[in-house]
1. State in Å² the accessible area per residue of the range 113-211; use a 1.4 Å probe, count heavy atoms of protein chains only, and round to the nearest integer.
2. Given the Cα atoms of the chain, and with Rh set as the inverse mean 1/r over their pairs in the Kirkwood sense, what is Rg to Rh to two decimals?
3. Would you work out what percent of the accessible area of the range 75-212, with all protein chains in place, is carbon or sulfur (probe 1.4 Å)?
4. Short version: what are the Cα gyration tensor semi-axes of the range 113-211, square root of 5 times each eigenvalue, largest first, in whole Å?
5. Could you please report the charge total around ASN183, scoring K, R as +1 and D, E as -1 over all other residues with beta-carbon less than 9 angstrom from its beta-carbon?
6. Compute the accessible area per residue over the range 3-109, keeping the other protein chains in place, probe 1.4 Å, unit Å².
7. By what distance, in whole Å, do the Cα atoms of the range 7-120 stretch along each of the three principal axes, largest value first?
8. Take every Cα-Cα pair in the range 69-142 and report what % of them are more than 20 Å apart.
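The values are calculated or read from the model by the stated rules, or taken from the named source; none is laboratory data. Quick caveat: nothing in here was measured; it's all calculated off a predicted structure. Note: ideal-geometry Cβ built from the backbone for every residue, glycine included; neighbour counts use all protein chains shown. Each accessible area value is taken on the protein alone, full model and side chains, heavy atoms only, with ligands, DNA and RNA left out. Shrake-Rupley method; radii C 1.70, N 1.55, O 1.52, S 1.80 Å.
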Amino acid sequence: MNWQVKYALANIAEQGQLTAEYVHGELIRIVTPDQPDVLAAISAANEIDAATAANYQQKYPDMDFLCGYRSACIWRGDAIKYLEDARVGWGSFGTLTSAALDGDANTASHKAYRFSDRLLRQYGPVRDVSREFDRIHRVALRSGTSLRIGMLADYEPTADAVRSLWADFGPLDIVWNINPNGNPSAEAIDAGRELGCEVMKWDQLKEHLRTA
């Protein structure tokens, strides 16, 4: 049994509302009162692309959810599309346990970015959204403008967080601080300007998308 599977089983056992059992390989079964059982593959990958996702589905054809157990796991857009087309949920360990309790494991997506992704897609001036990574979106506006937007879920993003997002994922037009409770630091805003992008919250982003 791989280390991430052991940790997942142990963490679920501590939660009380859920029970879990080892099936085989990286697959576990989660049992929740009054909800369907969930077959979840627990991955230790640092990054998941479409080929990785397809390999998991080939190994575990009855899989309901693919979990990236590492907190720093990155999901590529092609993996997200593959899994959503296959009706397999995806995301963090916290996403998995929430989805098991809610009974929507097959359609769940990473809880850190789910609401923000939906906001972008439903906003009137947005014509199309292409998801390059879990936290990076290419947005085409009805005005004809195209923007590359990166999401930071930190409570108060620092200059280093902004620089790291840029370094890891490439140039951005906007860094969106998606945590509803905090605000980017002045140093983070300055770092964005030095790189050539704007760091903002949703209210500022809405106005920017409306007028761009």
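1. Solvent-accessible surface per residue comes out at 51 Å².
2. Rg divided by Rh gives 1.01.
3. The nonpolar share, carbon plus sulfur, comes to 44 percent.
4. Taking √(5λ) for each eigenvalue gives 20, 14, 13 Å, largest first.
5. Residues near ASN183 contribute 0 overall.
6. Result: 46 Å² of accessible area for each residue.
7. So the three principal-axis extents are 34, 32, 24 Å.
8. That tail contains 31 percent of the Cα-Cα pairs.
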